[in-house]
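Notes follow the structure.
The values are calculated or read from the model by the stated rules, or taken from the named source; none is laboratory data. All values reported here derive from a predicted model rather than from experimental measurement. Note that we place each Cβ from the backbone using ideal geometry, even for glycine, and neighbour counts take in every protein chain shown. The protein model used for the area step is the full one, side chains on, heavy atoms only, and it has no ligands, DNA or RNA in it. Shrake-Rupley method; radii C 1.70, N 1.55, O 1.52, S 1.80 Å.
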Amino acid sequence: MPQQSLKHLAPGWFAMVMGLAGLSLAWHRAAGLMGDAATAAALALGVLAALVFLALAVATVLRRQRHPEAWAEDLAHPVRHVFVAAIPVSLILLATAAVAAGLRGPVVEALWWAGALGQLGVTAWVLSRCWRGKDAGGLPWAMFTPGLIVPIVGNVLVPLAGVPLGRPEWSAAQFGIGLFFWPVVTVLLLVRIAQQGAWPERLLPTNMIFVAPPAVVGLSLLQLGAPVPVAWGLWGVALFSLLWVMPVLPRIAGLPFAAPHWGTSFPLAAFTALTLRLGEGGPMGLFGLMLLALSSLVVAALSLATVKGLRAGTLLVPETVPISVAPGA
């Protein structure tokens with residue numbers, strides 16, 4: 001990777017891992033309906049997600065060594081800093097994919113602990129900005145985009161692998177953090193829209209992130225032993241969230257492809273996984289398979305666009321219009 005391209009490899013690129021790992025979990029949920037073919041697809045996607053994570057992790061380490069000012073700028077940026085959480089979330093999802101594939105042992109548990117504790121640390125770091133004044137890097141309105149959901153609500157992912165690994169107490173505790181702050185973040189985002197207008201056009205793909213919290217909360221609650229009707233209630237919230245953002249999808253499709261487009265992948269995969277989980281043995285299973293096909297097509301299209309963009313040199317480039325000063329920020 002050229003030096004200048006490496007400089008612009010922001011943490012948000014780990015959304016690729018989230019999308020691939022999330023789709024792996026969705027295919028795993030389809031095994032009851034599709035058999036070994038779904039299991040094989042889930043395994044292949046899980047391996048691909050792990051390889052992408054390794055490549056991004058190595059590139060990120062090199063970036064921090066060769067371009068420390070770029071990493072420091074990401075941490076200080078009002079929008080990009082929240083996507084640092086995509087790194088520990090990716091670790092949690094990789095551990096979850098490994099558990100779904102039947103893997104256990106100290107390596108998988110270490111992966112899960114690294115993701116869980118890393119996510120907790122990033123959440124505390126992001127929320128610590130509440131105690132700063134605006135002039136000291138506090139909470140400008142530009143910070144309130146759907147990306148803020150990743151570091152705050154990402155904690156609800158922890159039980160997916162934590163419970164099977166024998167850590168239900170810690171899983172429930174960290175799940176509670178994400179569950180508590182989910183409505184808080186949602187309200188803040190709505191207030192930002194009312195006060196300042198929506199976020200810049202280039203961030204419109206992140207609108208799909210609204211679908212992820214109810215879908216993952218539903219999956220985690222089932223893992224924690226909650227009644228199925230509660231999960232159905234959250235499925236309804238996820239469905240409404242999807243319907244809510246659908247009018248924006250044509251505008252998203254018309255945007256030049258960039259890293260934020262990967263923000264559409266994990267939420268759709270999570271909704272698919274919950275649908276398949278609740279639809280086992282029922283007519284909803286067919287709808288789940290339709291969603292699985294759609295999720296797979298979306299991830300395939302995003303992957304193809306990423307390869308084309310990297311070859312053309314149109315992705316790892318400086319921002320033409322800084323997000324923090326774009327109209328509506």
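Can you confirm whether Leu249 is without any contact (Cβ under 8 Å) to a residue 40 or more places away in the chain and either exposed (fewer than 14 other Cβ atoms within 10 Å of the Cβ) or on the phi < 0 side of the Ramachandran plot (or both)?
Yes: the conditions hold for Leu249.
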Of all residues in the range 43-88, count the ones that are within 20 Å of the chain's Cα centre (by Cα), surrounded by 14 or more Cβ atoms within 10 Å (Cβ to Cβ) and farther than 27 Å from Gly102 by Cα.
-> 11
Quick one: count up the residues across the range 1-12 that are open to solvent by less than 60 Å² (accessible area, probe 1.4 Å) and not in a helix (DSSP H, G or I).
-> 3
Which of (1) within 15 Å of Phe266 (Cβ to Cβ); (2) in contact with a Lys or Arg (Cβ under 7 Å, 6 or more places away or on another chain) is the odd one out, the single condition Ala10 does not satisfy?
-> (1)
Checked against (1) touching a residue at least 24 places away in the same chain (Cβ under 8 Å); (2) within 30 Å of Asp36 (Cα to Cα), Phe83 satisfies every condition except (2)
Where a residue in the range 53-77 is free of Cβ contacts under 8 Å to residues at least 60 places away in the same chain and over 20 Å from Leu93 (Cα atoms) and its partner, wherever it lies, is open to solvent by 20 Å² or more (accessible area, probe 1.4 Å) and of a type outside the set (Phe, Trp, Tyr), with Cβ under 6 Å and at least six apart = Trp71/Arg64
Check the range 309-328 and report whether any residue there is without any contact (Cβ under 8 Å) to a residue 12 or more places away in the chain, surrounded by fewer than 16 Cβ atoms within 10 Å (Cβ to Cβ) and of a type in the set (S, T, N, Q).
-> yes
Can you name the residue in the range 263-290 that is closer than 19 Å to Gly35 by Cα, open to solvent by 10 Å² or more (accessible area, probe 1.4 Å) and part of a helix (DSSP H, G or I) and is also modelled with the lowest pLDDT among such residues?
-> Met284
Search result, residues across the range 205-229 that are more than 20 Å from Leu93 (Cα to Cα), surrounded by fewer than 24 Cβ atoms within 10 Å (Cβ to Cβ) and in contact (Cβ under 8 Å) with a residue 12 or more places away in the chain = Val228
Odd one out for Ser324, checked against (1) more than 17 Å from the chain's Cα centre (by Cα); (2) at pLDDT 95 or above; (3) not β-branched (Val, Ile, Thr) = (2)
From the list Arg277, Arg251, which residue is closer than 28 Å to His8 by Cα and of a type in the set (D, E, K, R)?
-> Arg251
Residue satisfying condition, being surrounded by fewer than 21 Cβ atoms within 10 Å (Cβ to Cβ), out of contact with any Lys or Arg (no Cβ under 9 Å at 6 or more places or on another chain) and not charged (D, E, K, R), within set Leu93, Leu103 = Leu103
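Take Arg192 and tell me if it is more than 20 Å from the chain's Cα centre (by Cα) and open to solvent by less than 20 Å² (accessible area, probe 1.4 Å). Let's see the steps before the verdict.
Details: more than 20 Å from the chain's Cα centre (by Cα): yes; open to solvent by less than 20 Å² (accessible area, probe 1.4 Å): yes.
Answer is yes for this residue.
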Positions within the range 13-29 being hydrophobic (A, V, I, L, M, F, W, C), out of contact with any Phe, Trp or Tyr (no Cβ under 6 Å at 6 or more places or on another chain) and surrounded by 23 or more Cβ atoms within 10 Å (Cβ to Cβ), in sequence order | Phe14, Leu20, Ala21, Leu23, Leu25, Ala26, Trp27
Leading residue by the ranking (most open to solvent (accessible area, probe 1.4 Å)) among those in the range 237-246 that are touching a residue at least 12 places away in the same chain (Cβ under 8 Å) and either under 16 Å from the mean Cα position of the chain (by Cα) or over 21 Å from Met16 (Cα atoms) (or both) | Trp244
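Quick check on the range 31-39. Is at least one of its residues open to solvent by less than 60 Å² (accessible area, probe 1.4 Å) and either within 18 Å of the chain's Cα centre (by Cα) or touching a residue at least 24 places away in the same chain (Cβ under 8 Å) (or both)?
Start the filter on the range 31-39 by keeping residues that are open to solvent by less than 60 Å² (accessible area, probe 1.4 Å), which leaves 31, 35, 38.
From what's left, either within 18 Å of the chain's Cα centre (by Cα) or touching a residue at least 24 places away in the same chain (Cβ under 8 Å) (or both): none.
Within the range 31-39, not a single residue is open to solvent by less than 60 Å² (accessible area, probe 1.4 Å) and either within 18 Å of the chain's Cα centre (by Cα) or touching a residue at least 24 places away in the same chain (Cβ under 8 Å) (or both).
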Considering only residues that are part of a helix (DSSP H, G or I), more than 18 Å from Leu190 (Cα to Cα) and open to solvent by 20 Å² or more (accessible area, probe 1.4 Å), look in the range 131-159 and name the one that is modelled with the lowest pLDDT.
-> Ala136
